[in-house]
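Working notes, beginning with the structure itself.
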Amino acid sequence: MIEGEATMNLAAVEESLLGGTTARRDETVIVRGEGCWLYDSTGRRYLDLTAAQGVTMLGHCHPALSRAIAEQAQTLISCPNFLYNDVRARFAARLADVLPPHLCHIFLANSGAEAIDGALKFARLTTGRTRAIAFRSAFHGRTVGALSLTWEKKYREPFLPLPDTLHLPYNNLAKVDEALDSSIAAVFLEIVQGEGGVNIGEREFLQGVQQLCQERGALLVVDEIQTGFGRTGRWFGFEHHSLRPDLICLAKGLGAGFPMGAVAYTRSVQEKLYLGAHGSTFGGNPLACAAGLAALQTYAEERLVERAAVMGDYFVRRLREELAGNLLVREVRGMGLMLAVELRQKAGPTLKSLMAEESVLALPAGPNVLRFLPPLTITEEEVEVGVAATARVLAAQEARP
Ligand SMILES: Cc1ncc(COP(=O)(O)O)c(C=O)c1O
């Protein structure tokens with residue numbers, strides 16, 4: 001034990017050493033997780049309806065995931081990328097099984113933003129063009145490449161100039177038709193905009209963007225970082241609309257809590273790549289691949305994708321029933337287990353009260369939206385706890401003068 005550790009204020013240590021870029025909600029220090037629940041250093045438990053920001057899709061510390069990581073940690077953690085590895089190959093084969101057959105090449109990275117950066121490079125190489133289209137309220141990450149595609153001005157503007165991106169209104173096909181010319185390498189698209197407000201893409205818009213890309217020689221990159229691996233009730237969000245993207249970006253649910261990212265892409269993209277076109281020291285390390293393999297097996301064995309569709313319908317119905325008539329609520333919407341309560345006020349105070357008074361964790365999405373991204377393993381009883389807490393907090397806030 002470090003000297004004085006027993007009395008150390010861990011929140012203060014974190015804040016002084018790691019603070020400055022990430023806002024923390026209060027002084028709570030989380031020390032353990034199990035299923036939908038997180039436990040703090042005082043033993044208090046919280047219902048985690050965020051799945052640690054959309055990541056722990058199997059719940060915290062699912063035994064199959066924890067076992068796979070522990071076993072691999074005692075076998076081989078890192079393997080030089082210039083050599084093949086048994087677990088990496090098994091993981092890639094399993095991932096290829098759940099991807100559509102035309103996305104038959106994969107690059108392994110460590111995070112969502114890194115996957116987006118890879119896709120941006122691949123699209124530029126493939127088309128020989130340099131510009132991209134992304135959408136207002138889009139979020140694609142915060143590395144320099146990914147940041148160029150992210151919409152929020154306060155993230156992006158201090159770092160200008162960034163790679164050239166046109167930000168167009170979401171769900172407005174006419175604007176894409178106007179802007180998509182021969183300078184555009186790729187259109188980056190979320191099927192449901194997550195951080196930007198749980199804005200659901202309209203079928204006609206999504207299919208129309210794909211058609212315009214095909215007609216004008218641009219690539220369609222679908223960002224499935226938040227929507228992938230069952231979150232929306234299908235393995236991938238683009239399946240709802242029978243899309244055929246040229247590239248997709250994956251992270252969050254890929255390792256179900258273990259940091260991983262990936263880009264999957266077509267043969268014609270692969271043909272333009274060359275050795276050294278992209279690379280990553282940690283991408284595809286055996287420990288991550290063992291986690292990813294266990295996650296993919298568990299999604300299938302526990303039929304969690306189908307479960308997300310059923311539980312998502314239940315969750316949204318119960319929210320609508322319990323929040324009906326509350327004047328602070330503008331709309332309840334969702335797709336699978338990606339759910340939103342749009343408010344007529346800022347979401348911050350409601351999120352704070354949910355945590356402080358009800359021990360329930362939820363996320364913001366844009367200024368006015370409460371977002372729920374629970375583990376796909378959530379039970380009806382846990383949904384009821386979350387719905388009742390949300391209804392109580394919003395009823396109290398509505399009653400306030
Ligand atoms: C849709 C989407 N794209 C990209 C990212 C960036 O992923 P990461 O935080 O792993 O870099 C996120 C993260 O929330 C996301 O939701």
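The values are calculated or read from the model by the stated rules, or taken from the named source; none is laboratory data. These numbers come from a predicted model, not from an experiment. Using ideal geometry, Cβ is built from the backbone for each residue, glycine included, and neighbour counts are taken over all protein chains shown.
A quick yes/no check of all residues on (1) in contact with a Phe, Trp or Tyr (Cβ under 8 Å, 6 or more places away or on another chain); (2) in contact (Cβ under 8 Å) with a residue 24 or more places away in the chain; (3) β-branched (Val, Ile, Thr):
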| site | (1), (2), (3) |
| --- | --- |
| ALA277 | yes, yes, no |
| THR281 | no, yes, yes |
| LEU293 | yes, yes, no |
| ARG307 | no, yes, no |
| PHE315 | yes, yes, no |
| ARG320 | no, no, no |
| LEU337 | yes, yes, no |
| LYS346 | no, no, no |
On the given criteria, is PHE159 out of contact with any Pro (no Cβ under 7 Å at 6 or more places or on another chain) and buried (at least 18 other Cβ atoms within 10 Å of the Cβ)?
no
Say whether the condition of being buried (at least 24 other Cβ atoms within 10 Å of the Cβ), touching a residue at least 60 places away in the same chain (Cβ under 8 Å) and within 16 Å of the ligand (Cβ to nearest atom) is met by at least one residue in the stretch 180-188.
yes
What single numbered condition from (1) surrounded by 13 or more Cβ atoms within 10 Å (Cβ to Cβ); (2) more than 16 Å from the ligand (Cβ to nearest atom) fails to hold for ALA93?
(1)
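One line per residue, one yes/no per condition, for (1) away from the ligand (no atom under 14 Å from the Cβ); (2) part of a loop (DSSP other than H, G, I, E, B); (3) within 30 Å of ILE69 (Cα to Cα):
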| site | (1), (2), (3) |
| --- | --- |
| LEU206 | yes, no, no |
| LEU220 | yes, no, no |
| GLN226 | no, yes, yes |
| PHE229 | no, yes, yes |
| THR232 | no, yes, yes |
| TRP235 | yes, yes, yes |
| ARG244 | yes, yes, no |
| VAL263 | no, no, yes |
Go through the stretch 299-345 and count every residue that is farther than 19 Å from ALA391 by Cβ and more than 19 Å from the chain's Cα centre (by Cα).
5
Qualifying position, being in a strand (DSSP E or B), within 14 Å of the ligand (Cβ to nearest atom) and either free of Cβ contacts under 8 Å to residues at least 60 places away in the same chain or in contact with a Phe, Trp or Tyr (Cβ under 7 Å, 6 or more places away or on another chain) (or both), among ALA146, ALA134:
ALA134
Modelled with pLDDT of 95 or more, out of contact with any helix residue (DSSP H, G or I) (no Cβ under 7 Å at 6 or more places or on another chain) and part of a helix (DSSP H, G or I): is that true of ALA113 in this structure?
no
If we scan the stretch 12-34, do we find a residue that is in contact with a Pro (Cβ under 9 Å, 6 or more places away or on another chain), surrounded by 15 or more Cβ atoms within 10 Å (Cβ to Cβ) and at pLDDT 95 or above?
no
Step by step: first the residues of the stretch 35-58, then only those that are away from the ligand (no atom under 16 Å from the Cβ) and at positive phi, then the one that is surrounded by the most Cβ atoms within 10 Å (Cβ to Cβ). Which residue is that?
GLY35
Residue satisfying condition, being part of a loop (DSSP other than H, G, I, E, B) and buried (at least 18 other Cβ atoms within 10 Å of the Cβ), within set GLY284, GLY276:
GLY284
From the option list LEU323, LEU328, single residue qualifying as of a type in the set (A, V, I, L, M) and either touching an Asp or Glu at 6+ places or on another chain (Cβ under 9 Å) or closer than 15 Å to THR50 by Cα (or both) is LEU328
